[in-house]
Amino acid sequence: MDAESSPFESSEMLASFLASTPVLEESWGLCSFANAAAPGSFVADQRGEVGYLAFSSVQVIDGSEPSCGTLMALDELECEHLFSLLRCDGDETIRVDAGFLRLFLEFYRRPDFQIKIWELLGKFKMLIVTGHSFGATTASLTALWLLSYLQPIASPISVLCLTFGTPLLGNKYLSQAILRERWGGSFCNVVSKLDVVPKLFFAPLASLTPQLHLLLQFWQVTMASPSLEQHVGELRKQNFYEFFSNVKGFVKYAEQSGGAKNSLFWPLGSYLFCSEEGAICLDNATSVVKIMRLMLETVSPASSFEDHLKCFEDHLKYSYYTGLLSSQFLKRTNINGLSTSSYEAGVSLALQSSGIDPQDDNILRPAKDCLQMARRMGCAPNLNNAHLAIRLSKIMPCAAQLEWYKVRCDESGDQLGYYDTFKKFGASRREFKIDMNLFTLAAFWDDVIRMAERNELSHDFHRISYWINASHFYKLLAEPFEIARYYRLGKHLVQGHYIKHGRDRRFQIFDRWWNQMIAGAGLEPRLFQNKRSRSRDASLTQDSLFWAKVEEAKDWLENANKERYSNKLEPLLLNMKDFEKYAEELIERKDVSKDVLAMNSSYRLWAEQWKALKSKLPQPLDPALSGMNCD
């Protein structure tokens, strides 16, 4: 047994959770209700304390439309602002299906859709967005939009997208962007073993006409009329052996290429594969594609038309599978001939649950290899968490050196404080050592972020209090040094001020993690709370951007002293008045460390010069300035 293998994967935990709750059956029930409604409809409902939004699979879009099955960049329809957090590195481009994106935008622009969305968000802390077939892609894009909207405001609302028989939505870079934002666990796609729809978009749809057009009619008519017999005759006339051969060939090509081509569709989120024997859940896209291909191998050119027909009927049988999963949750299956290894037993159970024939060695061996690979990758994130914790403990002396430097500066007779001392004497030997410590710490945390974005850490890494607190402490300690270096080197003269033009992305990410934890606890960030004042000054200023704001205030003050035109002077005065109020509130709450109030600190010097300027001002030029103290 591989030392890194484990039967306890997050994807399997997700499958067990869904099967043990009413979520699967309730979601499918609402999808069925939406399917029976008018084309292009959606249904909203409440089940306990959970809000549901379900989209009909009967949409005004089909495989004959040129845009269906064609990938396009998000910005080509000028809708990238709806998915603002999704991003790529380098020359990579996030692409989604053009037809499905247009379909989502039609919903997004509908007043009834907007009203219902905000009503659900205002009422529930948990929202499940669901859909079947083509409606599933609308559900996925709706969930992506909601996650993009909710994350920057650190909303405590949870969004889960649960789809049934969904076609592929976008390329590999869409999947990677979702993993970077730690949203992979928000998407679960339920797929029956023989459902051909989730595999269709690996192949160019033009190569599947006219069979695909007939299938779309078959599915939509069948949903309205339970009787299949009247529609089977037309299907018999088509050459579906060639149809399946084409699909299998392109799935195999995608498996071999690993989705490296920007023009290829690729899975996103977790996949719950269902069969009569149970279900397996995978959250590694490469494994998902491999299992999709192996499941298609069970339908060969020698298979009868009835076997091919099952692949079409399976797209409509999710009521059967969801009910089966729920009833089988507590069922124990006897496995004979296994070793005592729980790992081997787990793999064999998963193979049995997938419905793969244990007698077919051509499929069984690759499927077992695929599941073993997925299990190794499933365990690796938790091991990486542990290795990172060890690495962090080894570099803690670097943080201790920064703290030591801060204390020495605070105790120094020049009364500059550590920010101004580091900014002024950055070329000295002592400050050079601090620079090296800063580089070491930054390299570690950049590595943490890269691993999180590559999905190499546990899915809940950014919610683990140990790592949130550690990253927050690092930000409060190190960012003032980074700001000091930025202004010492004069980068603000070339790039602009630090907050908008110089702040490293790692600090923005740590801000988001911290605010999400605070919001999840039902609180607001410390800086926006009316809390009782501290009894003593904070050890670290609780706004890591405080000194960057001081630098901007110094710039406003310098410009105000030179400005002679009132229409240009007033905005500068208002900016400084707002900063003065903000800083005084921090000081009153003792949310600043004592270096801020050092006799010769940048802030103290700015406050004195600002007071001198106010004393020279005539009657305020704007009513908003009337509250300024001009004494």
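Using a 1.4 angstrom probe and counting only protein chains, how large is the accessible area of K123 in Å², to 10?
Roll a 1.4 Å probe over it and K123 shows about 130 Å².
Please give me the summed charge of the neighbours of D511: other residues whose Cβ is under 11 Å from its Cβ, Lys and Arg +1, Asp and Glu -1.
Counting the neighbours of D511, the net charge comes to +3.
For the residue pair M126 and D112, what label-to-label distance in nm results when each label sits 7 Å from Cα along the Cα-to-beta-carbon direction?
Between M126 and D112, the simple spin-label model gives 2.8 nm.
Got a sec to turn the phi values of segment 92-103 into Karplus ³J(HN,Hα) couplings, 6.51 cos²θ - 1.76 cosθ + 1.60 with θ = phi - 60°, whole Hz, x for Gly and Pro?
5, 10, 6, 10, 10, 4, 5, x, 5, 5, 5, 4
Would you mind pulling out the separation of the Cα centroids of segment 430-487 and segment 552-589, in Å?
If we compute the Cα centre of each part, the gap is 31 Å.
Rounded, prolate or oblate: which fits segment 562-609, taking a ≥ b ≥ c as square roots of the Cα gyration tensor eigenvalues, rounded meaning a/c under 1.5, else prolate when a/b beats b/c?
Oblate is the answer for segment 562-609, as a/c is 1.5 or above yet b/c matches or exceeds a/b.
How far apart, in nm, are two points set 7 Å out from the Cα along the Cα-to-Cβ line at F17 and at L574?
For F17 paired with L574, the spin-label model returns 4.7 nm.
For a test of the definition: using alpha carbon positions, the gyration tensor, and the 1.5 limit on a/c, classify segment 397-449 as rounded, prolate or oblate.
Cα axes put segment 397-449 in the prolate bin.
Given axes a ≥ b ≥ c from the Cα gyration tensor, I'd like to know whether segment 396-527 is rounded (a/c under 1.5), prolate (a/b larger than b/c) or oblate.
prolate
Send over a whole-number figure in Å² for the accessible area per residue of segment 108-152, probe 1.4 Å.
Heavy-atom accessible area per residue stands at 36 Å².
With θ taken as phi - 60° and the coefficients 6.51, -1.76 and 1.60, list the Karplus ³J(HN,Hα) couplings across segment 185-195 in order, rounded to whole Hz; mark glycine and proline as x.
With coefficients 6.51, -1.76 and 1.60, one gets x, 8, 10, 10, 10, 8, 9, 6, 3, 9, 4 Hz.
Taking the square root of 5 times each eigenvalue of the Cα gyration tensor, what semi-axes in Å does the equivalent ellipsoid of segment 80-205 have, largest first?
23, 18, 14
Just subtract the alpha-carbon distance of E92 and L613 from 0.36 nm times their residue separation and send over the number in nm, one decimal.
Length gained between E92 and L613: 182.4 nm.
Residues with amide H under 5 Å of S158's amide H, sequence separation 5 or more or different chain, H placed in the peptide plane at 1.01 Å from N; which?
M126, L127
Could you sort out which of K172/K491; K248/K317; K116/K193; K562/K594 sit more than 25 Å apart by Cα distance in this structure?
Those over the limit are K172/K491; K116/K193; K562/K594.
Quick one: Karplus J couplings for segment 70-79, per residue in order, coefficients 6.51, -1.76, 1.60, θ = phi - 60°, nearest Hz, x for Gly and Pro?
With the stated coefficients, segment 70-79 comes to 10, 7, 9, 5, 4, 6, 5, 10, 6, 10 Hz.
Order of 579-591, 245-257 by packing, highest average Cβ count within 10 Å first?
In descending order of packing, they fall as 245-257, 579-591.
Past the 18 Å Cα-Cα mark, which pairs from K406/K549; K424/K554; K406/K581; K406/K433; K199/K290?
Where the Cα-Cα span goes over 18 Å, the pairs concerned are K406/K549; K406/K581.
The values are calculated or read from the model by the stated rules, or taken from the named source; none is laboratory data. This structure is a prediction, so every number in the text was calculated from the model and none was measured. A quick note on method: Cβ atoms are made from the backbone with ideal geometry, for glycine too, and the neighbour counts reach across all protein chains shown. The accessibility values were calculated without ligands, DNA or RNA, using every heavy atom of the protein model including side chains. Shrake-Rupley method; radii C 1.70, N 1.55, O 1.52, S 1.80 Å.
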